[in-house]
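Colleague: Before anything else, here's the structure in question.
The values are calculated or read from the model by the stated rules, or taken from the named source; none is laboratory data. It should be emphasised that the depicted structure is a prediction, and the values quoted were computed from it without experimental measurement. Note that we place each Cβ from the backbone using ideal geometry, even for glycine, and neighbour counts take in every protein chain shown. These area figures cover heavy atoms from the full protein model, side chains too; ligands, DNA and RNA do not enter into them. Shrake-Rupley method; radii C 1.70, N 1.55, O 1.52, S 1.80 Å.
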Amino acid sequence: MMALRSTSFMVLGLGILLVVVSISETSLAAKIVVGDSAHWTFGYNYTDWALKNAPFYQHDTLVFMYDPPSNTTFPHSVYLLKNLRSFLACDLKKAKLVGNVMQGGGKGLEFVLKNRKPHYFACGEAKGIHCNIGLMKFSVLPTRPCRG
């Protein structure tokens with residue numbers, strides 16, 4: 001009976017520890033506006049931006065801010081490309097739309113970096129021209145959050 005009670009307390013204690021570690025990793029997460037004050041716009045070099053703002057951590061939130069289409073703005077979107085080859089070629093055929101042209105307004109479109117794997121982002125508008133010529137693409141590889 002005593003061994004059962006001791007094991008129950010150990011399991012409970014381990015469960016609480018896992019919850020605390022999970023909460024602390026998530027609470028360290030940052031919200032990062034893609035492109036800083038330039039936001040998500042044609043002609044800004046997002047690869048340079050990503051290099052200057054690295055490292056990115058698992059659970060960080062990328063905020064894509066862009067104006068909805070109007071007579072004075074170009075439409076933008078956010079795609080998650082499948083792999084490095086698609087990213088380099090700005091090939092959107094198998095990409096996943098994560099933000100349409102209307103979702104970047106206001107507080108912006110939020111994308112949480114849930115997995116520690118490469119994420120390849122690009123604007124899919126104008127048949128890939130924004131990605132190819134407008135420099136509207138970047139990649140991040142989130143790492144495990146530091147426990148300080």
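Colleague: With θ taken as phi - 60° and the coefficients 6.51, -1.76 and 1.60, list the Karplus ³J(HN,Hα) couplings across the stretch 48-61 in order, rounded to whole Hz; mark glycine and proline as x.
Modeller: 4, 4, 5, 5, 6, 9, 5, x, 9, 10, 4, 5, 4, 10
Colleague: Summing Lys, Arg as +1 and Asp, Glu as -1, what charge do residues with Cβ under 12 Å from the Cβ of Ala89 carry, Ala89 excluded?
Modeller: That works out to +4.
Colleague: Can you give me the distance in nm between label points at Glu110 and Arg85, each placed 7 Å from the Cα along the Cα-to-Cβ direction?
Modeller: Going from the Glu110 label point to the Arg85 one covers 3.6 nm.
Colleague: So for each of 138-145, 113-120 I average, over its residues, the number of other beta carbons within 10 Å; can you give me the resulting order with the highest mean first?
Modeller: In decreasing order of mean packing, 138-145, 113-120 become 138-145, 113-120.
Colleague: A further question on this structure: What net charge do the residues around Leu141 carry, taking every other residue with its C-beta under 9 Å from that of Leu141, with Lys and Arg at +1 and Asp and Glu at -1?
Modeller: So the environment of Leu141 carries a net charge of +2.
Colleague: Continuing with the same structure: Would you check the accessible area of Met102, probe 1.4 Å, heavy atoms only, in square angstrom rounded to 10?
Modeller: Using a 1.4 Å probe on the heavy atoms, I get roughly 120 Å².
Colleague: Restricting to lysines 8 or more places apart or on different chains, can you count the pairs in the stretch 70-122 with Cα atoms under 18 Å from each other?
Modeller: 8
Colleague: So who's got an amide H within less than 5 Å of the one on Gly124, skipping anything under 5 residues away but keeping other chains? H placed 1.01 Å off N, in plane.
Modeller: For Gly124, whose amide H was placed from the backbone, the distant partners under 5 Å are Ser77, Val78, Tyr79.
Colleague: Please turn the phi angles of the stretch 131-136 into ³J(HN,Hα) values with the Karplus equation 6.51 cos²θ - 1.76 cosθ + 1.60 (θ = phi - 60°), one per residue in order, whole Hz, x for glycine and proline.
Modeller: Per residue, the Karplus-derived 3J(HN,Hα) values read 6, 5, 9, x, 6, 8 Hz.
Colleague: Based on Cβ point charges of +1 for Lys and Arg and -1 for Asp and Glu, what charge dipole magnitude is obtained for the stretch 43-111 about its Cα centre, in debye rounded to the nearest 20?
Modeller: For the stretch 43-111, the charge dipole is close to 300 debye.
Colleague: Can you spot the aspartates and glutamates whose alpha carbon is less than 16 Å from Lys127's alpha carbon? Ignore those fewer than 8 places along the same chain.
Modeller: Asp91
Colleague: Note down the net charge around Glu110, summing +1 for each Lys or Arg and -1 for each Asp or Glu among other residues with Cβ under 11 Å from its Cβ.
Modeller: Overall, the nearby charge balance is +1.
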